[in-house]
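Notes to accompany the following structure.
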Amino acid sequence: QVQLVESGGGLVQPGGSLILSCAASESIFRFYVLGWYRQAPGKQRELVARITSGDNTNYADSVKGRFTISRDNAKNKVYLQMNSLKPEDTAVYYCSAYRAGSDYWGQGTQVTVSS
């Protein structure tokens, strides 16, 4: 069973930065796509950013220019660098991995942007 464990969430002031990490229990080379999603209270889960095995990246329009997704194959980790954070970025952030018709999810990490 694949395990994904997120870390790095917390409380940050508007305009601040956070780095989220996602540690996978096996080689991330095995996954076609790795991504970060988020879910705010009362809203549906939405894609934030994703990166393919070929290092192609996609971002939600709302985070373009502020967030950066990256991967460290040697450490089996995926990162989300979040800059210029806004209150509307407040949500639970989930790491995801996809391969061969199967999706895997982490437990999520809370990010709260508030003064």
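The values are calculated or read from the model by the stated rules, or taken from the named source; none is laboratory data. Model, not experiment: these values are computed from the prediction. Cβ: placed from backbone, ideal geometry, glycine included. Neighbour counts: every protein chain shown. When the accessible area is computed, the model is the full protein with side chains, heavy atoms only, and any ligands, DNA or RNA have been set aside. Shrake-Rupley method; radii C 1.70, N 1.55, O 1.52, S 1.80 Å.
Quick notes on this structure:
- Of all lysines in the structure, the ones whose alpha carbon falls short of 23 Å from that of K86, not counting any fewer than 8 places away in one chain, are K43, K64.
- Apportionment of accessible area to carbon and sulfur, the chain, percent (1.4 Å): 44 percent
- Over all directions, the projected convex hull of the C-alpha atoms in segment 28-105 averages 5.4 nm² in area.
- With both residues required to sit in the chain, DSSP beta bridges show an antiparallel share near 95%.
- Extension gain for D55-K86 works out to 8.5 nm (0.36 nm per residue, less the C-alpha to C-alpha distance).
- Solvent-accessible surface of the chain, taken per residue with a 1.4 Å probe and all protein chains present: 54 Å².
- Two-site FRET efficiency, T112 against K75, from Cβ-Cβ distance with R₀ of 25 Å, rounded to 0.05: 0.40
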